[in-house]
Amino acid sequence: MKEVTKRRTSVSSSKISAILNKNRFRDVVEQWLLDTKQKEATFTATALQKMEMGTQLEPVIKNAVEKHFNIELTVDKNRYHHDDRDYFTIEFDALDYANKVVYEFKNTEMDEAHILEQYYAQVQFAMYIIGWDTARICYLRNGWDLGFVEIKRDENFIEHMIIVCDYYWHCLESHIEPDVETVNNLVSNIEFYKKLHKHEGVDVEAELEDEDVALMHEWGRLKRRINELEIEEARIKGHFAEKWGKYKDEYINYSNAEYEREGGYDIRAIIKDHPEIDFKAYKKPNSKYKRQILKYKKKMLNNTPKVSEDLV
């Protein structure tokens, strides 16, 4: 690793997720347009405020981290390049030379899973540049909640990241727009992204014991009974739909009144009327959710037609 003496457009750590086409705000082609000066970066007022506060809070996070880990961090704000690839450059937030740990500071509202997804590529690039095996992304959330995500050197990630970054550098030097399909194919070899986007249970046959199957049938019968009760409740509730007011006795407390809820914003209409706004800048990270579905077919007697019902 050597200090950069002459500034130029390069493959830098802050661009890595975009170069890998894994940045939710900017794809590889847009990054290339910025680097080739065919497009200017634009930031919303909120984004600018976040960046400004992040810069101001870096010393605060550094001091808190030093105290927490009982270490001494070095911040020199010089830009460095890789020994063999001088077009790979980085400016470190802080370095722990005694323990050989790269530190990245973030002022964020994201949870740790999204912090890992967003900045994993950046710290892998940092470890490749300096040749160390450990990095810590230290964050400050809500102005007081200090936490960190420790990340180990990922040789599979680095191997294929280098291939993509070399391809991107070739595109920069040759002034050729990167081919998105080529980038995606190269990135598909990175195990981190395969695991990250793996959805548990999709296209997988469930492994169930006999007792699991028996319990599932019990669940199905229970859901059918719940469904029948909900239908019955709806019938009774409908009977009282026009009986306004309140009633209370020793056991029952009933009320039926009409209220008004404030309307929400029509996001689709806003996007259509204001195409000049980059709405990707306001997009929250994707989140995973679990969905369990059980369909139960009631056993029929004699020749009664079979009926199935979705009890989701």
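What to note about this one:
- In region 204-259, residue farthest from LYS295 (Cα to Cα) [restricted to those that are among the small types (Gly, Ala, Ser) and assigned to a helix (DSSP H, G or I)]: GLY238
- Annotation: LEU95 fulfils all but one of (1) surrounded by fewer than 16 Cβ atoms within 10 Å (Cβ to Cβ); (2) among the aliphatic types (A, V, I, L, M); (3) not in a helix (DSSP H, G or I); the unmet one is (1).
Condition check ((1) of a type in the set (Gly, Ala, Ser); (2) outside the structural domain of GLN38 (by TED's automatic domain parsing); (3) touching a helix residue (DSSP H, G or I) at 6+ places or on another chain (Cβ under 9 Å)) across all residues:
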residue: GLU173; (1), (2), (3): no, no, no
residue: GLU177; (1), (2), (3): no, no, yes
residue: PHE192; (1), (2), (3): no, no, yes
residue: GLU218; (1), (2), (3): no, yes, no
residue: ARG221; (1), (2), (3): no, yes, no
residue: ARG235; (1), (2), (3): no, yes, no
residue: ILE252; (1), (2), (3): no, yes, no
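- Selection within region 137-173 - assigned to a strand (DSSP E or B) and touching a residue at least 24 places away in the same chain (Cβ under 8 Å): ILE137, CYS138, TYR139, LEU140, ARG141, LEU146, GLY147, PHE148, VAL149, ILE151
- Criterion (surrounded by fewer than 13 Cβ atoms within 10 Å (Cβ to Cβ), aromatic (Phe, Trp, Tyr) and under 27 Å from the mean Cα position of the chain (by Cα)) met by exactly one of PHE25, PHE43, PHE88: PHE43
- Residue in region 135-173 that is surrounded by the fewest Cβ atoms within 10 Å (Cβ to Cβ), counting only those that are more than 23 Å from ALA64 (Cβ to Cβ) and of a type in the set (Ser, Thr, Tyr): TYR167
- So TRP169, is it among the hydrophobic types (A, V, I, L, M, F, W, C) and modelled with pLDDT of 95 or more: yes
- Any hit, region 266-274, residues being over 30 Å from ALA41 (Cβ atoms) and either small (Gly, Ala, Ser) or surrounded by 10 or more Cβ atoms within 10 Å (Cβ to Cβ) (or both): no
- Selection within region 252-265 - surrounded by 10 or more Cβ atoms within 10 Å (Cβ to Cβ) and among the hydroxyl-bearing types (Ser, Thr, Tyr): TYR254
- Residue count for region 73-92, restricted to those that are assigned to a loop (DSSP other than H, G, I, E, B) and β-branched (Val, Ile, Thr): 1
The values are calculated or read from the model by the stated rules, or taken from the named source; none is laboratory data. Owing to the predicted nature of the structure, the values given are computational and were not obtained by experimental measurement. Glycine also receives a Cβ, built like all others from the backbone with ideal geometry; neighbour counts cover every protein chain displayed.
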